[in-house]
1. If I take R0 = 41 Å and measure r between the Cβ atoms of Leu166 and Gln125 in this structure, what FRET efficiency does the formula 1/(1 + (r/R0)^6) give, to the nearest 0.05?
2. Can you give me the Kirkwood hydrodynamic radius for the range 106-215, using every pair of distinct Cα atoms, in Å to one decimal?
3. Put a dot 7 Å past each Cα toward the Cβ at Glu34 and Leu150; how far apart are the dots in nm?
4. So what is Rg over Rh here for the range 43-97, counting just Cα atoms and using Kirkwood for Rh?
5. Rounded if a/c is under 1.5, else prolate if a/b is larger than b/c, else oblate: which is the range 148-209, with a ≥ b ≥ c the root eigenvalues of its Cα gyration tensor?
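Where a number appears in this text, it was derived from the coordinates with a stated rule and is not lab data. If you're wondering where the values come from, they're calculated on a predicted model, not measured in any experiment. Positions of Cβ are generated from backbone atoms using ideal geometry, with glycine treated the same way; all protein chains shown enter the neighbour counts.
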Amino acid sequence: MSEKIKKPSASQVASDVADSVQYQGRKAARQGSEQRRQAILDAAMRIIVRDGVRAVRHRAVASEAAVPLSATTYYFKDINDLITDTFALFVERSAAAMSAFWANAEQQLRQIEVGLGQDLESRRQLLEQIVDMAVAYVCAQLSGNRDSLLAEQALRLEALLNPGLLALANAHRKILYQGVDRFFLVLGSQQPDEDAKVLTGMILQMEYQGLLDGVDDLNLDEMRGLLRRYLRLVMGL
């Protein structure tokens, strides 16, 4: 692979983010205790996705997790710790998922790099393939990862109200940008960081619109048109 993408991999960056996540609540001493603690956090996340952050209460979470009320108050002294650690687990899992995603995408990056060295028509065909991959990614997220997208929206909103969540929101944003940064390095962008943020913003908006409208009502032609126009500018086509 060329020198322009020989940098810390997006997979490694995501793994580093996962390792850096800090929890606020009481640590579990045994494996069984850790399983119960994670069950409580999973229950809190289901409530956040279904009913919103304001619905997270010790009693509601205990009922959702099918554990005694004393279990939630043992691990989390207050609701703020419970909410913070719920989002911390979400960011940790998101980082692990993105690490796996970009590790699997390395071969595609190599193929894209080879395609860029071909004639103009081949580069145009490559652009269309990239557009199709991006649209397919959004559709797959909306179809198979909807709860995670809703949790992501909840984290962003709650971080506006709770400064204690800002670091987690920033960490989540970092793992989204890093892989796209490498993608633009392959495309030969002179400003890969800025381009990564622009494209990530476009994808996030498409996902948000898809959450509102439903995956069956996505305007795929509009999505392709927006992506095509932007990538033409980046690739000089």
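1. Once the sixth-power term is evaluated, E becomes 0.45.
2. That comes to 15.5 Å for the range 106-215.
3. According to this spin-label approximation, the distance is 2.9 nm.
4. On the way: Rg = 11.0 Å, Rh = 11.3 Å.
A ratio of 0.97.
5. It is prolate, given that a/c is not under 1.5 and a/b is the larger ratio.
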